[in-house]
Amino acid sequence: MPSGICIFAEVTPDKKLSGVTLELSGKALELSQKLNGETINALLITGDDNIDDLFIELSQSGIQNIWLVQDPKLKNYSTDLYAKAAYEVIKQKDPSIMLIGATTTGRDIAPRLSSQLDTGLTADCTELDINEKGQLAATRPTFGGELMATILCKKFPQMATIRPKVMPKPTPNYENKAKVEKIEVDFSATPIRTELIEFTPLAQSTQARIDEAEVIIAGGKGLKNAQNFKMLEELAQLLGGTVGASRCAVDAGWCDHSVQIGQTGKTVTPKIYIACGISGAIQHLAGMNSSDIIIAINKDPKAPIFKAATYGIVGDVFEIVPKIIEELKKQKVH
Amino acid sequence: MKIIVCIKQVPDTADIKWTENNTMVREGVESIINPFDEYALETALRIKDENPETTIKVLTMGPPQAEEILKRAIALGCDEGILVSDKKFAGADTQATSRTLAHAISAKAPDFDLIICGQFAIDGDTAQTGPSIAQHLDLPQVTYAKEVMPIHQNKILVTRETEYGIEKIKMQLPGVICMIKCDYNPRKITISGSMKAQDTQIQTYSMEDIGLAPELVGIKGSPTYVSKAFRPEREENCQFLEGSADQMTAQLMEKLKELGVKNA
Ligand SMILES: Cc1cc2nc3c(=O)[nH]c(=O)nc-3n(C[C@H](O)[C@H](O)[C@H](O)COP(=O)(O)OP(=O)(O)OC[C@H]3O[C@@H](n4cnc5c(N)ncnc54)[C@H](O)[C@@H]3O)c2cc1C
Ligand SMILES: Nc1ncnc2c1ncn2[C@@H]1O[C@H](COP(=O)(O)O)[C@@H](O)[C@H]1O
């Protein structure tokens, strides 16, 4: 009988655990309590030798066993090799639940793995629970958040990818020490059919990455032109945040595609989202309505964005935003 | 190059309405090609623009009406349309869907270099079908692709966007790529394209035609099932700040301070 919960410990290009990894540990702890204490394990795939920091962080997050696949071939993420490593470990360890972050890496590897293991996979979940029969009940938004569905799986492992930043990180447990078990995987017969030949990190400016930003200032059609986005950038700098945009603003060429928020762009969950001159179409809301606090500035009191907003300012962005900037600058001087 | 593009018919989310039992009101809802699949089509068509000997087959699994999006794709410049359609496919999750599509490809269009999917479908929004097709056919994959450039008979260069930056990946063909929004707008249908589409016969295949058994498709072939569906409760309790622009700004500053925002 499969047993135990396994989380995928995702390592970022700068050799840290991704934020969602710890969120998964926290959730695994909770699920384990509902499953009479099934073990909590982390699958760690890496090409590096010096990984004590990762062990410590995983330990403090409550992980009991680290299933480690370590091989110099695994220096960079590769779908072929990582999927092979993950498959071999899961086959051998037979967990009943497998949780993976819904990041670009997680969503690259998870579906391959589920197909190879011939089991089900529930995508981009925002809630996980154990039902009265002991099954994983995974809840996820569909139709851009218009409908929520709770999904069960008939096979093992019950797999799910989890949207980053919706589940809290656990409080560190400094006493806990995870046991590390190294698992040998033979890659000799695994073809490597993709090759990373160039990597350009996102502009290392003062701006935070949009998926990690705690504050996002987003602009829409109401901003009127690219030049006016400078105002939002200034506000973002002052608040330690970053700038996002609606599709209209992106399609008009005022902002880069990579900062589009919504159904055909990014899904973001900052602490504070300030929507400036954005009407709040459902496709836009799909990407930002799980933000903690939404502040909308729009001159049309009937704009749908106000339905999603925590605080609303009916007014002209060209009047309000400069005033906020001015106030913030005053505070800074003091 | 021989390309297969997988496209899905989806309801236009802008006009979806829901019944009290949380089922979708299908009447009067326009069906569109999944927006990401438009980028997949555009990517294929651009490869064909550069290399006119390229052939593009479009594939969809869906009800008989889904033929319509295949016709639209042909009107855009694709060469052939393949519809796999069977009542037994109903209720398929991504596992059953990708298995069905992979079988259809092996059975009816095995001679290809590249399969292009959209990254997500806007209804199900799982982003799983493309990679699962790749696994079923034992092919390499690149997900979150923004741009594709053939470089060689059996290699392509793919630009991929992740949380951390932009990757350039060389992939061996045959292989699968899944497209996010690319930097160019999908083209529009021309009159001559529409006329060509009218004359093009769509190939339609059933479950037996592609050699699958009932327990492998549709609801029976799906390891996952929905136990509950509900509309999220949206609290509509926006607190409007009042007064002049200065007063509203002052109130907002108070709120930001309460929220512990840096500098506020
Ligand atoms: C399949 C599909 C996918 C889509 N995906 C996305 C997506 O991922 N992201 C996305 O954002 N959209 C998406 N859209 C588009 C979406 O439907 C809307 O068209 C878009 O979000 C509108 O952008 P907007 O709010 O900037 O512009 P508009 O709707 O034009 O709104 C502009 C707003 O600015 C206000 N305004 C104007 N001037 C001022 C001023 N001086 N001061 C204050 N307020 C002002 C106006 O009152 C108005 O409410 C998608 C659409 C489709 C069909
Ligand atoms: N029924 C289908 N027929 C053809 N292609 C599909 C189908 N479902 C999904 N796809 C492809 O898989 C991609 C991702 O869909 P999804 O996994 O549902 O988010 C889509 O953009 C399509 O390219």
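The values are calculated or read from the model by the stated rules, or taken from the named source; none is laboratory data. Here the structure is a predicted model, which is why all the values come from computation and not from measurement. Counting neighbours? That spans all protein chains shown, and the Cβs are built from the backbone with ideal geometry, glycine included.
List of remarks:
- Residue match in region B:84-91 (condition: in contact with a Leu (Cβ under 8 Å, 6 or more places away or on another chain), under 21 Å from B:LEU212 (Cβ atoms) and within 10 Å of ligand 2 (Cβ to nearest atom)): yes
- Pick from region A:264-277, criterion touching a Leu at 6+ places or on another chain (Cβ under 9 Å) and assigned to a loop (DSSP other than H, G, I, E, B), ranking: nearest to ligand 2 (Cβ to nearest atom): A:LYS271
- Being closer than 22 Å to B:MET24 by Cα and either surrounded by 24 or more Cβ atoms within 10 Å (Cβ to Cβ) or within 16 Å of ligand 1 (Cβ to nearest atom) (or both) is a description that applies to B:ALA127.
- Summed over region A:304-320, the residues that are within 29 Å of the chain's Cα centre (by Cα) and within 9 Å of ligand 1 (Cβ to nearest atom) give a count of 2.
Residues checked against (1) closer than 26 Å to A:THR269 by Cβ; (2) not acidic (Asp, Glu):
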position: A:GLU146; (1), (2): yes, no
position: A:THR161; (1), (2): yes, yes
position: A:PRO170; (1), (2): yes, yes
position: A:TYR174; (1), (2): no, yes
position: A:ILE197; (1), (2): no, yes
position: A:PRO201; (1), (2): yes, yes
position: A:ALA218; (1), (2): yes, yes
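- Residue list for region A:232-250, filter: facing chain B (nearest Cβ under 9 Å) and out of contact with any helix residue (DSSP H, G or I) (no Cβ under 9 Å at 6 or more places or on another chain): A:GLY240
- Only one entry of A:ILE293, A:ILE325 meets the criterion of being touching a residue at least 40 places away in the same chain (Cβ under 8 Å) and more than 14 Å from ligand 1 (Cβ to nearest atom), and that entry is A:ILE325.
- Only one of the listed residues (A:ALA226, A:ALA249, A:ALA213, A:ALA218) is touching a Gly at 6+ places or on another chain (Cβ under 6 Å), part of a loop (DSSP other than H, G, I, E, B) and not basic (Lys, Arg). That residue is A:ALA213.
- Residue match in region B:252-263 (condition: at the interface with another protein chain (Cβ under 10 Å from one of its Cβ atoms), within 30 Å of A:LEU196 (Cβ to Cβ) and not in a strand (DSSP E or B)): no
- Residue in region A:305-317 that is within 16 Å of ligand 2 (Cβ to nearest atom) and more than 10 Å from every other protein chain (Cβ to nearest Cβ) present: no
- Residues in region A:294-334 that are touching a Pro at 6+ places or on another chain (Cβ under 9 Å) and buried (at least 22 other Cβ atoms within 10 Å of the Cβ): A:GLY312 alone.
- Summed over region A:14-27, residues that are assigned to a loop (DSSP other than H, G, I, E, B) and under 15 Å from the mean Cα position of the chain (by Cα) total 2.
- 1 or more residues of a type in the set (D, E, K, R): qualifying strands (runs of 3 or more DSSP E) within region B:30-125: B:55-61, B:80-84
- Hey, B:ASP79 surrounded by fewer than 16 Cβ atoms within 10 Å (Cβ to Cβ), more than 10 Å from ligand 2 (Cβ to nearest atom) and farther than 26 Å from B:SER227 by Cβ or not: no
- Within region B:191-246, the set of residues being over 24 Å from B:PRO63 (Cα atoms), in a loop (DSSP other than H, G, I, E, B) and among the small types (Gly, Ala, Ser) comprises B:GLY243, B:SER244.
- Residue check: B:ILE166 meets all listed conditions (1) closer than 20 Å to A:ALA102 by Cα; (2) within 15 Å of ligand 2 (Cβ to nearest atom); (3) part of a strand (DSSP E or B) but one, namely (2).
- Among the residues of region B:147-164, those identified as within 14 Å of another protein chain (Cβ to nearest Cβ) and surrounded by fewer than 17 Cβ atoms within 10 Å (Cβ to Cβ) are B:MET149, B:ILE151, B:HIS152, B:ASN154, B:LYS155.
- Residue in region A:106-115 that is facing another protein chain (nearest Cβ under 7 Å), touching a strand residue (DSSP E or B) at 6+ places or on another chain (Cβ under 6 Å) and within 16 Å of A:LYS27 (Cβ to Cβ) present: no
- Qualifying residue in region B:207-227 (condition: over 30 Å from B:ILE82 (Cα atoms) and either more than 16 Å from ligand 1 (Cβ to nearest atom) or of a type in the set (Phe, Trp, Tyr) (or both)): yes
- Pairs with Cβ under 7 Å, 6+ apart, first in region B:2-15 and under 30 Å from B:THR54 (Cα atoms), second of a type in the set (D, E, K, R) and more than 14 Å from ligand 1 (Cβ to nearest atom): B:LYS2/B:ASP111; B:LYS2/B:ASP113; B:ILE3/B:ASP113; B:ILE4/B:LYS57
- Checking each residue in region B:182-228 for being surrounded by 15 or more Cβ atoms within 10 Å (Cβ to Cβ), more than 23 Å from A:SER114 (Cα to Cα) and within 10 Å of chain A (Cβ to nearest Cβ) picks out only B:CYS182.
- The criterion of being touching a Pro at 6+ places or on another chain (Cβ under 6 Å), within 16 Å of ligand 1 (Cβ to nearest atom), more than 28 Å from A:ALA160 (Cα to Cα) and at pLDDT 95 or above does not hold for B:GLU38.
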